[in-house]
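Structure record follows, encoded as structure tokens.
The values are calculated or read from the model by the stated rules, or taken from the named source; none is laboratory data. Note that the coordinates shown come from a computational prediction; the quantities given were computed from them, not determined experimentally. Cβ: placed from backbone, ideal geometry, glycine included. Neighbour counts: every protein chain shown.
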Amino acid sequence: MSNENPIIISDERVQLRDAELGILSTLLYFDIFKYPLTGPEIQKFCHSKIHSLNELQEALDFLISKKYINHSNGFYFANSDFSIIERRINGNQLAKNFYPIAKKYSLIISKFPFVRAVFISGSLSKGYMNKESDIDYFIITAPKRLWLCRTMLVLFKKIFLLNSHKYFCVNYFIDENNIEIRDKNIFTATELVTLIPMVNHHLFEKFLKSNDWTKDYMPNINSSGEIQAEKKQRFFFKPFWEKILNGSAGNKLDDLFLKITLKFWKKKFNHFSEEDFKNALRSKKNVSKHHPNKFQERVLVLYDQKIKQFEKSHHVTLTILNEVSTSLFQ
């Protein structure tokens, strides 16, 4: 194991090295979701650089010996609840049933004017689903047509899917001139590196390169998508409507739908502070983020609490690694 950057901690003079700190920090993050990890997944998502499989295994063995983490059936986790293993296995199995549905609706979404790429996000992108889970879509649109595109998709959901979110949750849009994500923290980094490209793999690769800051949080990541996406397809009616809406009429409609949506959201969520509204319901010309449950903020708070609780319980210092991980913006 590497002897780089030893950190002397606690009255017992236990030394945690970078790999051990990174593994603990990673498992505590996934513990928020009651999701144990395999060895390869720990290496992938680890918050510290892992130089070899031997270093990974030595670090895991050390953490187990100190009773900082538990291990069973190939899974590692930072709590004593062994039932989460069965929960994960069942969720992984259920997710397999949702992939064909996600592919079907991704192709439907791709047929709409000004859609340029479709990715799967949320729990399905991690290979997990439960009875309450939705299929979340991350959509890239043409420039200056994001709100026109979004409105058409929302109307489709309301009219033809009876406003059901189960298989059609379109809650994050960006345009192809704005593909670097503003939020830079451990939550968004995890969400981005687990996205599954469903339509337009070329644009997905460009998206990843524009967000290579994620390696500051997960330096071992090397992903180009878990599933080979469908190539960007052309449909007869799509170029027709794009041509019709490509001029001043399209500009006016896009501005109008942004204005209408923003007004509606401000009225519906008038209990939000200005800062909360900006973070949870971002409404700019080139981005639409609809996360009214403030999930990102809640996860970051829970993560910070888990770090502090672990430090207190085990007399271990993890804050050094966590200082920037829970900041909402860079």
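Some observations on this one:
- Unique match (being of a type outside the set (A, V, I, L, M), assigned by TED's automatic domain parsing to the domain that holds Ile307 and in contact with a strand residue (DSSP E or B) (Cβ under 8 Å, 6 or more places away or on another chain)) among Pro40, Pro36: Pro36
- Selection status of Phe310, over 19 Å from the mean Cα position of the chain (by Cα), aromatic (Phe, Trp, Tyr) and in the same structural domain as Asp254 (by TED's automatic domain parsing): no
- Scanning the stretch 255-271 for residues that are farther than 22 Å from Gly122 by Cβ and surrounded by 15 or more Cβ atoms within 10 Å (Cβ to Cβ) gives Phe257, Leu258, Leu262.
- Where Leu148 falls short, out of the listed (1) crowded, with 22+ Cβ neighbours inside 10 Å; (2) touching a strand residue (DSSP E or B) at 6+ places or on another chain (Cβ under 8 Å): (2)
- Odd one out for Ser133, checked against (1) touching a residue at least 40 places away in the same chain (Cβ under 8 Å); (2) under 18 Å from Thr194 (Cα atoms): (1)
- From the options Ile227, Ile260, residue that is assigned to a helix (DSSP H, G or I) and either modelled with pLDDT of 90 or more or within 28 Å of Ala189 (Cβ to Cβ) (or both): Ile260
- Check on Tyr99, of a type in the set (Ser, Thr, Tyr) and surrounded by fewer than 22 Cβ atoms within 10 Å (Cβ to Cβ): yes
- Residue in the stretch 111-127 that is over 30 Å from Asn251 (Cβ atoms), at pLDDT 95 or above and of a type in the set (A, V, I, L, M, F, W, C) present: yes
- Residue within the stretch 19-32 that is surrounded by fewer than 19 Cβ atoms within 10 Å (Cβ to Cβ) and at pLDDT 95 or above present: yes
- Of the residues screened, Ile85 is one that is surrounded by fewer than 19 Cβ atoms within 10 Å (Cβ to Cβ), in contact (Cβ under 8 Å) with a residue 40 or more places away in the chain, of a type in the set (A, V, I, L, M) and closer than 15 Å to Gly39 by Cα.
- Candidate set: the stretch 54-69, residues that are closer than 16 Å to Pro40 by Cα and free of Cβ contacts under 8 Å to residues at least 24 places away in the same chain; chosen: the one surrounded by the fewest Cβ atoms within 10 Å (Cβ to Cβ): Asp61
- Any hit, the stretch 57-64, residues being within 26 Å of the chain's Cα centre (by Cα), closer than 24 Å to Met218 by Cα, at pLDDT 95 or above and assigned by TED's automatic domain parsing to the domain that holds Leu21: yes
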